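Please treat every number below as a calculation from the coordinates, not as lab data. Fair warning: this is a prediction, and the values are worked out from it, not measured in the lab. Cβ placement follows ideal geometry from the backbone for every residue including glycine, while neighbour counts extend to all protein chains displayed.
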Amino acid sequence: MILDELVLHDFGVYRGRQVFTLTPEAADRPVVLIGAQNGAGKTTFLEGLQLALYGRLSQAGLRGAGGYEAYLQGAIHRRASPQEGASLELNFRRTVAGCERRYGVRRSWTAHKSGVKEHFEVLVDGQFDRVLTQHWSEFVEEMLPPRIAPLFFF
């Protein structure tokens, strides 16, 4: 799996739409390092990456006494409208049996008096994939199980 891009929109400390290009510059140098001062959003960035992939199964989604919905509500940028919400998009490539596929994972949510409404979809090679969207948890579990993801994203 090669991560190409992470888009954070009104997520945590990230106001508006922030695009991070993660594609390695060279195949022989596949590590991407993220560095910044304290409070600049490094942890939020990593939480966004895991939340995009795993949703309520992510380490971020599992923490806190308020549960997943409370986490999502609190993750909307403080100056953003809760009704407009926040969103995450992760684009990556994966090669299986010599065939490279491009995936786009999009997770968004809004907060209302009645609770949090979450929307999730998966695109494969630019096309919405209903079956993969419905079975994403099984697919991602096979690709990179959420319980070991913190070993790769730290």
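Numerical summary
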{"read-out": "Stokes-Einstein D (µm²/s) once Rh is taken as the Kirkwood radius of the stretch 63-154 over alpha-carbon pairs, at 25 °C in 0.890 mPa s", "value": "163"}
{"read-out": "Cα-Cα separations in the stretch 1-62 greater than 12 Å, expressed as whole percent", "value": "71"}
{"read-out": "Size of charge dipole - the stretch 24-154 - debye, nearest 20, with Cβ of Lys, Arg +1 and Asp, Glu -1, no other charges", "value": "380"}
{"read-out": "Taking the C-alpha atoms of the chain, convex hull volume expressed per residue in Å³", "value": "130"}
{"read-out": "Sorted by Cβ density within 10 Å, fewest first, the residues R79, R94", "value": "R79, R94"}
{"read-out": "Residue exposure sequence - D129, D10 - by fewest surrounding Cβ within 10 Å", "value": "D129, D10"}
{"read-out": "Helix 42-54 vs. the chain, principal-axis angle (Cα, 0 to 90°, nearest 10)", "value": "70"}
{"read-out": "Residues K42, K113, sorted so that the one with the fewest Cβ neighbours within 10 Å comes first", "value": "K113, K42"}
{"read-out": "Modelled label reach - R79, point 7 Å along Cα→Cβ, the stretch 1-25 residues with backbone N closer than 20 Å", "value": "7-20"}
{"read-out": "Given charges at Cβ of Lys, Arg, Asp, Glu: the stretch 2-151 dipole, positive-most of Q59, G126, L151", "value": "Q59"}
{"read-out": "J(HN,Hα) series, the stretch 16-24, from Karplus relation 6.51 cos²θ - 1.76 cosθ + 1.60, nearest Hz, glycine and proline x", "value": "x, 9, 10, 10, 10, 7, 10, 4, x"}
